[in-house]
1. Out of (1) more than 13 Å from ligand 1 (Cβ to nearest atom); (2) open to solvent by 10 Å² or more (accessible area, probe 1.4 Å); (3) more than 20 Å from the chain's Cα centre (by Cα), what's the single condition that is false for residue 173?
2. Of these, 180, 161, which one is away from ligand 2 (no atom under 15 Å from the Cβ) and either open to solvent by less than 30 Å² (accessible area, probe 1.4 Å) or touching a strand residue (DSSP E or B) at 6+ places or on another chain (Cβ under 7 Å) (or both)?
3. Quick check on my filter: what residues within region 118-133 are open to solvent by less than 30 Å² (accessible area, probe 1.4 Å) and either touching an Asp or Glu at 6+ places or on another chain (Cβ under 9 Å) or closer than 18 Å to residue 292 by Cα (or both)?
4. Kindly indicate the residue of region 103-140 that is among the β-branched types (Val, Ile, Thr) and within 21 Å of residue 5 (Cβ to Cβ) and also nearest to the chain's Cα centre (by Cα) among those meeting that condition.
5. What are the residues in region 24-45 that are open to solvent by 10 Å² or more (accessible area, probe 1.4 Å) and either near ligand 1 (Cβ under 9 Å from one of its atoms) or in contact with a helix residue (DSSP H, G or I) (Cβ under 6 Å, 6 or more places away or on another chain) (or both), if any?
6. For a quick check of your reading: which strands (runs of 3 or more DSSP E) sit entirely within region 184-301 and have at least 3 residues that are out of contact with any helix residue (DSSP H, G or I) (no Cβ under 8 Å at 6 or more places or on another chain)?
7. Got at least one residue in region 315-332 being in a strand (DSSP E or B) and aromatic (Phe, Trp, Tyr)?
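The values are calculated or read from the model by the stated rules, or taken from the named source; none is laboratory data. Because the structure is a prediction, the values reported are computed rather than measured. Positions of Cβ are generated from backbone atoms using ideal geometry, with glycine treated the same way; all protein chains shown enter the neighbour counts. The protein model used for the area step is the full one, side chains on, heavy atoms only, and it has no ligands, DNA or RNA in it. Shrake-Rupley method; radii C 1.70, N 1.55, O 1.52, S 1.80 Å.
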Amino acid sequence: MPSTRALNAPTPGAPFEPTTIERRELRDDDVAIDIAFAGICHSDIHQVREEWSEGIFPMVPGHEIAGTVTAVGPDVERFSVGDRVGVGCFVDSCGECEYCQAGEEQYCTKGVVVTYNGRHYDGEPTYGGYSQAIVVKDRFVVTIPDSIELDVAAPLLCAGITTYSPLKRWQAGPGKKVAIVGMGGLGHVAVQIAKAMGAEVTVLSQSLAKEEDGKRFGASGYYATSEKETFKKLRGEFDLILNTVSANLPMDRYLGMLRVGGVMANVGVPSDSDSYHAFSLIGSRRILTGSNVGGLPETQEMLDFCAEHGVAPQIEKIEGSDVDEAYDRVTASDVRYRFVIDVASL
Ligand code: NAP
Ligand code: ZN
C-alpha cells in the first residue's frame, strides 16, 4: 500500500506528531490526490479534544483538502491526472438512499463516511487532509476552478459549503437582511457569500475589533454582542441569522432579532446543549434550524459561485510544526481568518 507523510494526534488533545500512514490501493472508481494544502476547521479542534464525543485515535484531521490528481481508476470519467481538485468533509455514502440520490450525501440514511475520525463501511478508520496524499472515491472529489489558488480554495471545502448551503436554502438575496454571528473561519466566508447573493449583511461579533475587515468582506452593519444595546437596537430586524459560533449563545436574545417568520440557522456546534424559551419562537412564528455541511453537487456549485463572484477566504499559511499553536489561536478567536497547512512541510 502507498504510504504518505501525515500529522497525527496520538491521543485526545495531545500535541501533533509527524507520522506515516498507508493509503489504499486505487480502486476502479478512485482518484489519487497529492494534497497541497489543508485548512484547519474548528471542527478539527472539537474532535481532537473530544469536545463532542469519543474520537478514534491516532487521529489525522483535515477536511478542507486541495491538491492535484496523480492517478485515476479505470472507471473514473470526470478527472484526469493533473486536475486541480478538492475533497471536503465526506469520502463515501451508500449512494442509493433518497438523500444520496438527491445529491445530499451528508444526510445518507446508512450514515455518510466522514473524511477523518470515522470509519469506512469495511470498518477501517478514515484519515484526513493533514497529510500529503489521499485516495478518494470519485463522487466525493470536486473540481477547483482555475481562478482560485489551491491554498485559498482549501477552506471553501468546509467553511464555504457549510455557509453557502443554508444561505441558499433560506434565500439570502436581494431585499433580505442577513446577520452572520461570529466572524471566524466560517463567518468571514459567510459574509462574502451572503453579500454576493445580494443580501444586506450584518456581522454580530463579540467586539468591534474586526469591523474594518467585516466591511471589506461586504457587511454594511457591524455590532458587538458584548453590548446589551445591540440586542435591543436590532430587535425584529433580520430575515435570517446564520450562527457560526463554536460556543453556546443566549438563544432567546438572538431569536429576538428575527422578524416574524424569520429563520435562525445554526451551523456552529458547541459541546453543550442550547436552550431557548418557546415564546421566542411562538411569539413571532420563527424558525430555528440547523445545517450539516452540504452535498457534493452543491459543493461544486459553491466553488463555481465563489470563482464567479470573487469570494475568497483570507488565509494564514502555516507549517506542520505550527498546528498546535494555531489550534490555541483559533480557540482564542485569534484567527484571521483561516489557517491553512502547507503539507509539503510535514
Ligand atoms: P472559528 O474560526 O473559531 O470561528 C468561530 C467564531 O465564533 C469566532 O471567530 C468568534 O467570532 C465566535 N466565537 C467564539 N467563541 C465565542 C463565544 N464564546 N461567544 C460568542 N462568539 C464566539 O470556527 P469555525 O471553523 O468557523 O467553526 C465554527 C463552528 O462551526 C464550530 O463549532 C465548528 O465545529 C462548526 N462547524 C459546523 C459545520 C456544520 O456542518 N454544521 C461545519 C464546519 C464547522 P467573533 O470573534 O467574531 O465573535
Ligand atoms: Zn469543517
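1. Every listed condition holds for residue 173 apart from (2).
2. Values: 161 fails: away from ligand 2 (no atom under 15 Å from the Cβ).
Selected residue: 180, the only one of 180, 161 that is away from ligand 2 (no atom under 15 Å from the Cβ) and either open to solvent by less than 30 Å² (accessible area, probe 1.4 Å) or touching a strand residue (DSSP E or B) at 6+ places or on another chain (Cβ under 7 Å) (or both).
3. 118, 126, 128, 129, 130, 133
4. Quick first cut of region 103-140, residues among the β-branched types (Val, Ile, Thr) only: 109, 112-115, 126, 134-136.
Of the ones still in play, those that are also within 21 Å of residue 5 (Cβ to Cβ) are 115, 126, 134-136.
Working: 115: 12, 126: 18, 134: 19, 135: 20, 136: 19 Å.
Among residues in region 103-140 that are among the β-branched types (Val, Ile, Thr) and within 21 Å of residue 5 (Cβ to Cβ), the one nearest to the chain's Cα centre (by Cα) is 115.
5. Restricting attention to region 24-45, the residues satisfying the condition of being open to solvent by 10 Å² or more (accessible area, probe 1.4 Å) are 24-29, 32, 34-37, 42-43.
Once the filter is applied, which keeps residues that are open to solvent by 10 Å² or more (accessible area, probe 1.4 Å) and either near ligand 1 (Cβ under 9 Å from one of its atoms) or in contact with a helix residue (DSSP H, G or I) (Cβ under 6 Å, 6 or more places away or on another chain) (or both), region 24-45 yields 29, 35, 36, 37, 42, 43.
6. Working: elements: 200-205, 221-224, 238-243, 258-266, 287-290.
Output list reads 258-266.
7. Taking region 315-332 first, the residues in a strand (DSSP E or B) are 315-318.
Retained after the next criterion (residues that are aromatic (Phe, Trp, Tyr)): none.
So far as region 315-332 goes, no, none of its residues is in a strand (DSSP E or B) and aromatic (Phe, Trp, Tyr).
Residues are listed down the side, and each one gets a yes or a no for (1) surrounded by fewer than 18 Cβ atoms within 10 Å (Cβ to Cβ); (2) on the phi > 0 side of the Ramachandran plot:
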residue	(1), (2)
278	yes, no
285	yes, yes
290	yes, no
293	no, yes
297	yes, no
310	yes, yes
313	no, no
330	no, no
344	yes, no
